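Student: Below are the structure tokens for one structure; questions will follow.
Derivation of every value follows stated rules applied to the coordinates shown; laboratory data play no part. Predicted, not measured: the structure shown is a model, and the values here were computed from it. Glycine gets a Cβ as well: all are built from the backbone with ideal geometry, and neighbour counts include every protein chain shown.
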Amino acid sequence: MAAKIKKGDRVVVLSGKDKGRQGTVTKVLPKEERVVVEGLNMVQRHTRPTQFDPQGGIKNKEAPLHVSNVAVVDSKGKATRVGFRMDGDKKVRFAKTTGEVING
């Protein structure tokens, strides 16, 4: 199945502790159906000191969100579903709300 959300897309969170917040997708995990969004769904990891990080301590990092809990943001700044269509001989993604082609 084609990817409706790709790395670099601007998305909005639909549910959870970060509901309504927007960010950019930094990583897509297709086998787990999850995406990592920059600055959202932050969790704390307790790390022990290592040779590379002698300090150790509590580190903040982004945890993956399920792909069903995020939606692509259209040009008007609203959440939209993604569709596919043919532009000439090329398959492109488009926003269902505005009909505009999504970059990528």
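Student: Compute a Gaussian network model of the chain, connecting alpha carbons closer than 10 Å, and tell me which residue from Gly77, Gly39, Gly56 fluctuates the most.
Tutor: Gly56
Student: Between Gln22, Gln55, Gln44, find the one with the highest GNM mean-square fluctuation for the chain; connect C-alpha pairs within less than 10 Å.
Tutor: Gln55
Student: I would also like to ask the following. State the extension gain, in nm to one decimal, for the chain segment bounded by Val101 and Lys6, taking 0.36 nm per residue of separation less the distance between their alpha-carbons.
Tutor: Values: separation 95, 0.36 × 95 = 34.20 nm, distance 1.38 nm.
The Val101-Lys6 span can extend by a further 32.8 nm.
Student: So, one more: How far apart, in nm, are the 7 Å Cα→Cβ label points at Met86 and Arg48?
Tutor: My value for the distance between the label points is 5.9 nm.
Student: Right, here's the next one. Cβ under 14 Å from Gly56's Cβ, Gly56 left aside: what net charge do those residues give with Lys, Arg +1 and Asp, Glu -1?
Tutor: On the way: positive: Arg45, Arg48, Lys59; negative: Asp53.
That works out to +2.
Student: Per Stokes-Einstein, at 4 °C and 1.567 mPa s, what whole-number D in µm² s⁻¹ belongs to the range 10-74, with the Kirkwood radius over Cα pairs as the hydrodynamic radius?
Tutor: Rounded, D is 101 µm²/s.
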